[in-house]
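Taking it in order: structure first as structure tokens, then the write-up.
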């Protein structure tokens, strides 16, 4: 009996050990399955414009359903209480008044004898497109009664040919080619419809003349941006003569500078000459060449990061990603709230709590996404994966990401630059690529001038008319 009991106990002990071993194997397999499932999800879940920095223009007909990162404010749609409207306003005296008599007065024998009073007034803004042919005539007198000599007038300084186009035609043409994003052919057809016969060569020449007239002013814009405390930088691809070039932009809310370069990286930035001489805070995305400039402080666009965090949320059980995105948004909204109250910085205790929460969430993400071990026989570092690379970015560039929280002069996003270069896609769709690098450079120079003028409240047409009359500098400075 005792022998049988011992055998049973031994069998139970062996089965217990086997069960423990099986449980360890199952746990290991579960971990492997979870890792492989996450990897499959990461590989099969495509990035798009709503969950990454992928430009919407590259998606064509495969655009995802629009999904905003904004959260509901709880307020009703439309203008809020205290909001100053920007609708149509009557800002001057009418140029023309049209009276409307009662219908009974038509054909009345006493018409004109009755006394009328205005019982209602309505205003209408109208545009009248008119082309004028102005003949400048120089007058002469063979015998002046004052001096007895022959006297003769002179043509104005800007009239230097027997036939020429005026400042208004030049300004309209340059405006249509730049802010209108129209092709030379379409500009020619439009001007012809207005009674202005002009060749395509003359149209292209007007853009070149406008670029030369604003060259000194654009150089001053460039110098102004180089001396800013905070400036935004971005770049996007453009086609020049069928080849990929890059449109670079440096700007803030007052100045914009554009340059077309054959290269995208630091070689082009060095040629432009702003970043190498910049000493302020450069707001950019996470593109590597910007990080090479250690003469500036860097601030990263948090809206790019929000979209990347959306991707992390969508690819698996990444709760930290949602919480981190909400934390960034909460810091942004709280800063706006405090600024409206006249504050200039976060209270120290509140900021410390934000930073602690940030570190905790990043650490949770790192623990949830460990780096896989290198397999025996394989060379090189093991792949980190998109989510782990995102976490490394949050960890390694914490100071640059959260610079908006420490310095309230730094914006939360790089939208200022991204909006400034968005026209490149419109230009590409409307009129195609540039035919030459010279034409692209002229386009960028003129656009630098009129975009900056617009930020100073001057219309593109008025700014170009001023430039045609040799007064480009005073439009901005």
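Read the figures in this text as sums done on the coordinates, not as results from a lab. If you're wondering where the values come from, they're calculated on a predicted model, not measured in any experiment. Positions of Cβ are backbone-derived with ideal geometry, glycine not excepted, and every protein chain shown enters the neighbour counts.
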Subject >> Förster radius 41 Å - calculated FRET efficiency between residue 116 and residue 92 (Cβ-Cβ, nearest 0.05) >> reply: 0.95
Original post:
Which entry is the computed P(r) over Cα pairs in 10 Å bins from 0, in percent for this structure: (i) 4, 20, 30, 26, 15, 5, 0; (ii) 4, 18, 29, 29, 16, 3, 0; (iii) 3, 13, 18, 19, 16, 11, 7, 5, 3, 2, 1, 1, 0, 0, 0, 0?
Top reply: (iii)
Subject >> Nearest-ten-degree value, helix 215-226 long axis tilted from longest Cα axis of the chain >> reply: 30 degrees
Subject >> Extension reserve of the residue 437-residue 126 stretch, reckoned as 0.36 nm per residue once the Cα distance is removed >> reply: 108.0 nm
Original post:
For helix 348-368, what angle does its Cα long axis make with the longest principal axis of the chain, in degrees from 0 to 90 and rounded to 10?
Top reply: 60 degrees
Subject >> Added length on full extension, which subtracts the Cα-Cα distance from 0.36 nm per residue, residue 26 to residue 101 >> reply: 17.6 nm
Subject >> Gained length - residue 6 relative to residue 36, 0.36 nm times residue gap less alpha-carbon distance >> reply: 6.3 nm
**OP:** Tell me what the chain gives for mean residue ellipticity at 222 nm when only DSSP H runs of n ≥ 4 count, each as -39,500 (n - 2.57), the sum divided by the residue total, rounded to 500 deg cm²/dmol.
**Re:** -15000 deg cm²/dmol
Subject >> Packing rank of 290-303, 192-205, 172-185, where each peptide gets the mean count of other beta carbons within 10 Å, highest leading >> reply: 172-185, 290-303, 192-205
Original post:
Simple spin-label model, 7 Å along Cα-to-Cβ: residue 314 to residue 244 in nm?
Top reply: 2.3 nm
**OP:** Return the whole-Å distance between the Cα centroid of region 136-184 and the Cα centroid of region 294-372.
**Re:** 61 Å
Original post:
Taking Cα atoms, how many degrees apart are the long axis of helix 385-396 and the longest axis of the chain, rounded to 10 and kept between 0 and 90?
Top reply: 80 degrees
